[in-house]
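Structure, as structure tokens:
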Amino acid sequence: MTTHQHKIGSGFGHRTTAAEVLHGTDLTGRLALVTGGYSGLGAETTRALAAAGADVIVPARRPGEARAALLDTAEVAELDLGDLGSVRRFAERFLASGRGLDILIGNAGIMAYPETRVGPGWEAHFAVNHLGHHALVNLLWPALRPGGRVVTVSSAGHQLSGIRWDDVHFERGYDRWLAYAQAKTANALFAVHLDALGRDSGVRAFSVHPGAIFTPLLRHLTRAEMVERGWVDEDGHLADPAFKTPEQGAATQVWAATSPQLAGLGGVYCEDCDVAEPTESSAMVDGVREHAVDPGEAARLWALSARLTGADAFRA
């Protein structure tokens, strides 16, 4: 691998919380944007950044619900990642405000979604989890300040599938888990290529696996499916000790967005508040598979995404 895809010994771990990552850190004067920052680990990310002094913007598909959840913790704006028109309108409004952006965390996403088409027929996982964030980051690029960081939330699920170049939108048979896996690979590859393009401007990019967390992301799974996977017991109580709390799940993305330990690094996939080690497993274990951090695959995905969305801040 061409990136520094090896642990750096951060001193944090699987049970570290976002508040512990930010202990003693003053983010006063920093502006952060967290997609999906009003539910699950996104809400904990927002609260942790705000508690450390950052101003936080939470773009939300359901702004009323976001305001009710966050109260006065963050500024809420309307954004639907599955609608490129909505993404463009949000970006135009933000750029018109003249504000600079220091942290952008692409946290919003869907998992195990029933087969759904959005926009011009795009598969929903790929569209919402990846293409919407690709467009958002590229459109907001002029606002990102030197020293800024972009963090995309990937998953160990990436290990199940690379990019399906011959059928990205699952037009020849749908599998909700492979669709999710491809999108999570795309999130990691996006960070690889964005970092390569943006590092000379002083902006670095990272992808993260937050861990397994019991959040609304699981809403499309039945209890029977979760019992079969060993996640919960027959009564619906959490049964897998490896699961994290939302506060712990938010830690890695907060760490990637703020930690001075990552100075000089970028384009790497992180987990448990450290850089992940390479793995060849497809069993959703610790580590990152090469197909998710391969620079050639990342450049190819960027070209496809730029063509599909019309958004490329680095086009010559």
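So which DSSP H runs in the chain come out at 18 Å plus along the axis (Cα) with average Kyte-Doolittle of at least -0.5? If you can, show how the numbers build up before the last one.
Values: long enough: 84-97 (20 Å, 0.14); 176-198 (32 Å, 0.41); 295-309 (21 Å, 0.11).
What comes out of the filter, once short or polar helices are dropped, is 84-97, 176-198, 295-309.
Tell me the label-point distance for the pair residue 175, residue 290, using the 7 Å Cα-to-Cβ offset, in nm and rounded to one decimal.
With each label placed 7 Å out from Cα toward Cβ, I get 2.2 nm.
When the helices in the chain are scored as -39500 (n - 2.57) per DSSP H run of 4 or longer and the sum is shared across all residues, what 222 nm value do you end up with, to the nearest 500 deg cm²/dmol?
Theoretical 222 nm ellipticity from helices: -9500 deg cm²/dmol.
At 1.002 mPa s and 20 °C, plugging the Kirkwood radius over alpha-carbon pairs of the range 27-176 into Stokes-Einstein gives what diffusion coefficient in µm²/s? It would help to have the intermediate numbers written out before the result.
Working: Rh = 16.1 Å.
Answer, rounded: 133 µm²/s.
Let me know the longest stretch in the chain that avoids all trypsin sites (Lys or Arg not before Pro) found in a DSSP loop with at most 14 other C-beta atoms within 10 Å.
Numbers: sites that count: 7, 15, 99, 172, 219, 229, 315.
It works out to 230-314.
Using θ = phi - 60° and the Karplus curve 6.51 cos²θ - 1.76 cosθ + 1.60, what whole-Hz ³J(HN,Hα) does each residue of the range 240-250 get, with Gly and Pro shown as x?
Going residue by residue, I get 9, x, 6, 4, 9, 6, x, 4, 6, x, 6 Hz, with x marking Gly and Pro.
How much length is gained on full extension from residue 145 to residue 78, taking 0.36 nm per residue of separation minus their Cα-Cα distance? Don't jump to the answer; show the numbers that get you there.
Numbers: separation 67, 0.36 × 67 = 24.12 nm, distance 2.29 nm.
Difference between extended and current length: 21.8 nm.
Collect residues whose amide H, placed 1.01 Å from N in the peptide plane, falls under 5 Å from the amide H of residue 53; neighbours closer than 5 in sequence don't count.
HN-HN under 5 Å from residue 53: 27.
Based on alpha-carbon centroids, what's the gap between the range 59-79 and the range 149-200 in Å, whole number please?
Value for the Cα centre distance between the two parts: 27 Å.
Gap in Å between the Cα centre of the range 4-45 and the Cα centre of the range 88-122?
Taking the Cα centre of each part, the range 88-122 and the range 4-45 sit 20 Å apart.
Every number in this text was worked out from the coordinates using simple rules, so none of it is lab data. In this text the structure is predicted, and so the values were computed from the model without any measurement. As a convention, Cβ positions derive from the backbone with ideal geometry for all residues, glycine included, and neighbour counts pool all protein chains shown.
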